[in-house]
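The values are calculated or read from the model by the stated rules, or taken from the named source; none is laboratory data. The shown structure was predicted, so the numbers you read here are calculated from the model rather than taken from an experiment. Ideal geometry is used to build each Cβ from the backbone, glycine not excepted, and the neighbour counts take in all protein chains shown.
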Amino acid sequence: MQRAARSAVWALPARFFRAGAPVLAADKESLLQLRRRTGLPILQCRDALQRCGGDLAQLSCETDFVARTTEFQRVVAQAALGAMELCRRAPPAARACSQHFLQPEELAELRTGPGGGPLSEELALAQGRLGEAVSLRHAAWLRVRPGAGFVSGYAHGGPAADPGAGPVALGTLGALVACGARGVARGGARGAALEALGRQVAQHVVGFAPRRVGRARERRRGGKEEEEEEEALLAQEFLHAPGRRVGRVLRALGPLCVTGFVRFRCGEEPTGDVTSR
């Protein structure tokens with residue numbers, strides 16, 4: 001997510017500065033429309049329009065304007081809660097951990113709440129209120145069997161969530177991590193420590209973008225195994241313990257095992273992996 005730097009034009013001779021292209025009279029209406037939609041300062045709206053060549057249709061939530069609105073955040077929260085409800089209703093899986101990447105037809109039929117209509121209808125209403133094209137592109141869920149562990153999450157780079165969003169975390173990057181901790185009940189000091197460790201693993205997944213859970217093995221320098229291990233979560237150097245692999249830290253501080261993860265990045269397909277255990 002990029003933001004344009006604000007520029008100020010002072011009453012100095014022209015040779016001391018280079019001004020950006022001014023907003024033409026024909027673009028003033030677009031400038032006023034963007035100002036009314038977002039409520040942001042006029043200079044920030046002008047800079048955004050200049051980056052887009054004055055084309056109001058090119059602005060999206062990645063410009064940080066739409067994403068700041070209560071309306072957009074509410075729709076995102078409804079989508080997340082709808083996906084979570086779909087996860088709860090999914091048939092039990094044979095594995096301790098399971099994940100699912102939703103297809104377009106599933107996204108359109110997500111429910112906005114108990115007795116609510118499909119999310120596609122809410123998206124159409126939001127589009128009218130925002131004056132922007134709004135579409136739901138990606139969603140996924142990750143879960144563990146009851147008693148087999150818990151799911152930790154982390155979101156990065158998002159605006160402050162609206163109170164109406166409930167338990168939903170907003171961000172341009174995020175991760176869910178399925179953690180297994182046998183014999184340790186949630187709650188209490190021990191359970192809280194394991195949940196904090198799980199959140200650190202989710203932060204690591206956001207930062208290091210592993211391709212699979214994997215397992216730690218001895219590396220063979222310069223060979224294919226080394227390249228493959230760079231993509232394995234458990235074999236990577238832990239973000240919160242430089243010089244130590246993720247798998248070793250989890251065994252020492254847990255014991256905690258990772259059975260799956262899902263990673264999100266704005267504008268990209270989500271990625272993830274689930275172990276066979």
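Worth pointing out:
Residue-by-condition table, conditions (1) of a type in the set (Asp, Glu); (2) without any contact (Cβ under 8 Å) to a residue 40 or more places away in the chain; (3) outside any helix (DSSP H, G or I); (4) loosely packed, with under 12 Cβ neighbours inside 10 Å:
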{"position": "CYS45", "(1), (2), (3), (4)": "no, yes, no, no"}
{"position": "GLN50", "(1), (2), (3), (4)": "no, no, no, no"}
{"position": "MET84", "(1), (2), (3), (4)": "no, no, no, no"}
{"position": "PRO92", "(1), (2), (3), (4)": "no, no, yes, yes"}
{"position": "LEU125", "(1), (2), (3), (4)": "no, yes, no, no"}
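- In segment 137-153, the residues that are assigned to a loop (DSSP other than H, G, I, E, B) and in contact with a Leu (Cβ under 7 Å, 6 or more places away or on another chain): ALA139
- The listed residue being within 18 Å of ALA178 (Cα to Cα) and without any contact (Cβ under 8 Å) to a residue 40 or more places away in the chain, out of PRO118, PRO146: PRO146
- Only residues that are crowded, with 22+ Cβ neighbours inside 10 Å and charged (D, E, K, R) were counted in segment 256-277, giving 1.
- Between VAL168, VAL144, the distinction of being at pLDDT 85 or above and under 19 Å from HIS100 (Cα atoms) belongs to VAL144 only.
- Lone qualifier among ALA161, ALA209 - being modelled with pLDDT under 60 and more than 21 Å from PRO255 (Cβ to Cβ): ALA161
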